[in-house]
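Novice: Below you'll find the structure I mean.
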Amino acid sequence: MYAFQLERASNAADAARHAAAGARPLAGGQTLLAAMKLRIAQPEALVDLGGAADLRGISRQGNSLRIGAMTRHAEVAASAEVRQAIPALADLASQIGDRQVRAMGTLGGSVANNDPAACYPSAVLGLGATVHTTRRTIAADDFFVGVFTTALDEGELITAIDFPIPRRAAYMKFRQPASRFALIGVFVAQRDDGVRVAVTGGGSGVFRHAGLEKALSASFTPQAAASVAIDPEGLASDLHASAEYRANLIGVMAQRAVAKALG
C-alpha cells in the first residue's frame, strides 16, 4: 500500500462534500482496496462511507423497495422485507462471492463499479430500478454505460436504489468457479407492462435481451425462452468460455430462471 488521506463521512451530505473535493468513495472496499494493493488504482484521498447511517437500510416505498447504497449483500439476502416483496433479489444477494464478500460488499459499491460479471447490475436493469444519487435520479436503462462505466459524474454518489416489485422474478447464475462471478447470469422479471430480461457476464457489461423479452412477454414459459436463438456476436470469448458457449448459457439460464419464477 502507499500513503493516502482518509476521511470518514458521518452522513450522505458529508460524503458528497468530500467526494466533490476529489476523495474517492470507499464503500465495502471489495474492489477498490484490491486495486490499490496492485497499484491499479492510486487515489490520493478516500472518503469512508461506512459511518453514513443514512446511506443504509431497506424500506417499502409504495410498490417498490428502497435499499440504501451502503446496505451490505448479507443484509439484503437476510432481509424479511426483501424476501417477502422481491425474493429473487434476496436470492441474488445470497449468491454473491463468499461469506466475507457478502458481509463487506455493498449494493451501491457493486452498482457504481459496474463489473461486467457482477450480479447486482442485472437486478437493477432487469427490474427497471431507479438509482438515486446525491444530485439526481437515473433510470436503470440510462445508468449502465459500458465496462466499469456508468452515468455517474465525477464526485456523484449513489444514495439508494428503488426496485419496483414485479409480479414474478428470478435470477439464475452459472458461476465462474474461481471468482464466483457470473460466467453468465440472467435476471428475469415479469411486470404488468411486460417482461424484462437482463444478462450479466457476457463480457461487455450488463444488457437487456430483446428477443427473450418479446418471447416471454407473449408466453412466460421455459418453452418460450427455449425458442429464442441467442446470437453469440458481441459476447466475450476467453479462457473461461467461448462466445458460443456463453450464448448457449444465456438460453439455458433464461429457461431455468423462468421455471424458478413460476415455482
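The values are calculated or read from the model by the stated rules, or taken from the named source; none is laboratory data. Bear in mind that the values here come from a model prediction, so they are computed numbers and not experimental data. As a convention, Cβ positions derive from the backbone with ideal geometry for all residues, glycine included, and neighbour counts pool all protein chains shown.
Novice: Applying the selection to segment 238-249, what residues are in a loop (DSSP other than H, G, I, E, B) and among the small types (Gly, Ala, Ser)?
Specialist: Narrowing segment 238-249 to residues in a loop (DSSP other than H, G, I, E, B): 238-242.
If the condition is that a residue be in a loop (DSSP other than H, G, I, E, B) and among the small types (Gly, Ala, Ser), then ALA241, SER242 are the ones that fit.
Novice: Also, I was wondering about something else. Taking the conditions exactly as written (in a loop (DSSP other than H, G, I, E, B) and more than 22 Å from GLY57 (Cβ to Cβ)), does ALA170 satisfy them or not?
Specialist: no
Novice: Here are ALA160, ALA178: which of them is farther than 13 Å from LEU249 by Cα and free of Cβ contacts under 8 Å to residues at least 12 places away in the same chain? Walk me through how you get there before you give the answer.
Specialist: Details: ALA160 fails: free of Cβ contacts under 8 Å to residues at least 12 places away in the same chain.
From the options ALA160, ALA178, the qualifying one is ALA178.
Novice: Tally the residues that are within 19 Å of ALA129 (Cα to Cα) and charged (D, E, K, R), restricting the search to segment 165-217.
Specialist: 8
Novice: Let me ask something additional. Take segment 125-136 and flag every residue that is closer than 21 Å to ARG24 by Cα and either outside any strand (DSSP E or B) or of a type in the set (S, T, N, Q) (or both).
Specialist: Hits for segment 125-136 are THR133, THR134, ARG135, ARG136.
Novice: Can you name every residue in segment 196-237 that is among the polar types (S, T, N, Q), closer than 22 Å to GLN176 by Cβ and either out of contact with any Cys (no Cβ under 7 Å at 6 or more places or on another chain) or part of a loop (DSSP other than H, G, I, E, B) (or both)?
Specialist: SER204, SER237
Novice: Answer yes or no: is there a residue in segment 215-225 that is among the β-branched types (Val, Ile, Thr), in contact with a Ser or Thr (Cβ under 8 Å, 6 or more places away or on another chain) and more than 20 Å from VAL82 (Cβ to Cβ).
Specialist: Within segment 215-225, not a single residue is among the β-branched types (Val, Ile, Thr), in contact with a Ser or Thr (Cβ under 8 Å, 6 or more places away or on another chain) and more than 20 Å from VAL82 (Cβ to Cβ).
Novice: Looking at segment 53-68, I want the residues that are in contact (Cβ under 8 Å) with a residue 40 or more places away in the chain and have a partner that is of a type in the set (Lys, Arg) with Cβ atoms under 6 Å, at least 6 apart or on another chain. Which pairs are those?
Specialist: Sorted first by the residue in segment 53-68, then by its partner, the pairs are GLY68/ARG56.
Novice: Now, a different point. Within segment 75-94, which residues are within 14 Å of the chain's Cα centre (by Cα) and either crowded, with 18+ Cβ neighbours inside 10 Å or at pLDDT below 95 (or both)?
Specialist: Listed by number, the residues that qualify are VAL76, ALA77, ALA88, LEU89, ALA90, ASP91, LEU92, ALA93.
Novice: Return the only residue of GLY128, GLY185, GLY155, GLY203 being of a type outside the set (A, V, I, L, M, F, W, C) and out of contact with any helix residue (DSSP H, G or I) (no Cβ under 7 Å at 6 or more places or on another chain).
Specialist: Among GLY128, GLY185, GLY155, GLY203, only GLY203 is of a type outside the set (A, V, I, L, M, F, W, C) and out of contact with any helix residue (DSSP H, G or I) (no Cβ under 7 Å at 6 or more places or on another chain).
Novice: Return the total of residues in segment 153-165 being within 13 Å of SER110 (Cα to Cα) and either at pLDDT below 95 or not in a strand (DSSP E or B) (or both).
Specialist: Total meeting the criteria: 1.
Novice: Still on this structure: Within segment 1-25, track down each residue that is touching a residue at least 24 places away in the same chain (Cβ under 8 Å), of a type outside the set (Gly, Ala, Ser) and surrounded by 15 or more Cβ atoms within 10 Å (Cβ to Cβ).
Specialist: GLU7, ARG8, ASP14, HIS18, PRO25
Novice: Starting from segment 129-145, take each residue that is closer than 25 Å to VAL188 by Cβ and among the charged types (D, E, K, R) and list its partners that are surrounded by fewer than 23 Cβ atoms within 10 Å (Cβ to Cβ) and modelled with pLDDT of 95 or more, counting only C-beta distances under 6 angstrom and pairs at least six apart or across chains.
Specialist: ASP142/ALA151
Novice: While we're looking at this one, here's another question. May I ask you to say which residue of ALA35, ALA69 is closer than 23 Å to GLY97 by Cα and either among the polar types (S, T, N, Q) or at pLDDT 95 or above (or both)?
Specialist: One residue alone meets the criteria, ALA69.
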